[in-house]
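**Student:** Quick one: structure below, then a few questions.
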Amino acid sequence: MPSADAILSPAMSEIRRIGVVGAGTMGHGIAQVAAGTGFEVTLVDVAPEALARGVERIEKGFARLVEKEKMTPEARDAALSRLSAAGELSALAGADLAIEAVVERLEVKEAVLADLDRILPAGAILATNTSSISITRLAAATGRPDRVIGMHFMNPVPVMKLVEVIRGLATSQSTYDRVETAATAMGKTPVEVHDSPGFVSNRVLMPMINEAVFCLHEGVGTPEAIDEVMKLGMNHPMGPLALADLIGLDVCLDILEVLYRGFRDPKYRPCPLLVKMVDAGRLGRKNGHGFYQY
């Protein structure tokens, strides 16, 4: 995340008020980055505990930046003053851009986007942080498909520079331009990709993670051995199984199932071990037990 004392001003863009739906790992990260780079941000989650936890993590995130001298205390206070939290989508009635970051399930995202379509002003943009689902299909749940777009942030959001920006079939050039400007103002590097299952990032990443799980499933190596091979031999900063734990094994499974259904290609078939671990509730870092224990 860039220093909040030397950011691009959101005044460069028509987008100044951003709503983020979902206070989980991705949602609170997006809200932190947006508030830290000058946008007015409202974070919404219908679960009070999740909302409180998200706000707490944002506060801790800013505190770490201050400790590392990447942000002044004054800039932190200003960023927090731009952040509000709410338990109802109606709090986003004045937003210029709403970014949904809820669970990676088509029906859940469709319902959220349909509700946002009714609540937000006619000219507002609806963005989805989906990591794999068709933007065109999600846009069809709204009455403004020309103003629906994908903004796929990477985890952890405050650290990772990339935002995949994905047009649906009806996404207008104006919508793309406004979102590209806003993403740049957040200190991110927007990269345009086409609307295809998994886009670029997860179409490449998830088969690698899945193959690593198959290696474990077939006894080719331990989790530690598999990850060490990829770190030392391929110069990856994190091994694929540790990365899966960071992403969430349930999220990895959801994405692989989208790829499998979308392409009808057996190379995307989720490893049975991954399915079993999700069934057992071993989801990774989020609940302390995945391929590793935390």
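**Student:** Determine, yes or no, whether Asn210 is within 30 Å of Ser134 (Cα to Cα), in contact with a His (Cβ under 9 Å, 6 or more places away or on another chain), touching a residue at least 40 places away in the same chain (Cβ under 8 Å) and assigned to a helix (DSSP H, G or I).
**Tutor:** Answer is no for this residue.
**Student:** Moving on to the next point. Would you say Thr181 is in contact with a strand residue (DSSP E or B) (Cβ under 7 Å, 6 or more places away or on another chain) and either in contact (Cβ under 8 Å) with a residue 40 or more places away in the chain or in a loop (DSSP other than H, G, I, E, B) (or both)?
**Tutor:** Criteria not met by Thr181.
**Student:** Here's another thing I want to ask about it. Tell me, please, whether a residue that is open to solvent by less than 30 Å² (accessible area, probe 1.4 Å) and touching a Phe, Trp or Tyr at 6+ places or on another chain (Cβ under 8 Å) can be found in the stretch 195-204.
**Tutor:** Looking through the stretch 195-204, none of the residues is open to solvent by less than 30 Å² (accessible area, probe 1.4 Å) and touching a Phe, Trp or Tyr at 6+ places or on another chain (Cβ under 8 Å).
**Student:** Now a separate question. Given the criteria in contact (Cβ under 8 Å) with a residue 60 or more places away in the chain, open to solvent by 20 Å² or more (accessible area, probe 1.4 Å) and closer than 28 Å to Leu106 by Cβ, does Leu216 qualify?
**Tutor:** no
**Student:** Of everything in the stretch 273-291, what is open to solvent by less than 60 Å² (accessible area, probe 1.4 Å), closer than 17 Å to Ala212 by Cα and out of contact with any helix residue (DSSP H, G or I) (no Cβ under 6 Å at 6 or more places or on another chain)? Give them in sequence order.
**Tutor:** Val275
**Student:** How many of the residues in the stretch 82-107 are of a type in the set (A, V, I, L, M), under 15 Å from Thr128 (Cα atoms) and open to solvent by 50 Å² or more (accessible area, probe 1.4 Å)?
**Tutor:** 1
**Student:** Among the residues of the stretch 128-165, write down those that are in a loop (DSSP other than H, G, I, E, B), open to solvent by 10 Å² or more (accessible area, probe 1.4 Å), of a type in the set (S, T, N, Q) and at pLDDT 95 or above.
**Tutor:** Within the stretch 128-165, Asn129, Ser134, Thr142 meet the criteria.
The values are calculated or read from the model by the stated rules, or taken from the named source; none is laboratory data. Note that the coordinates shown come from a computational prediction; the quantities given were computed from them, not determined experimentally. Reconstructed Cβ throughout: ideal geometry from the backbone, glycine too, with neighbour counts over all protein chains shown. Calculation scope for accessible area: heavy atoms of the full protein, side chains included, ligands and nucleic acids excluded. Shrake-Rupley method; radii C 1.70, N 1.55, O 1.52, S 1.80 Å.
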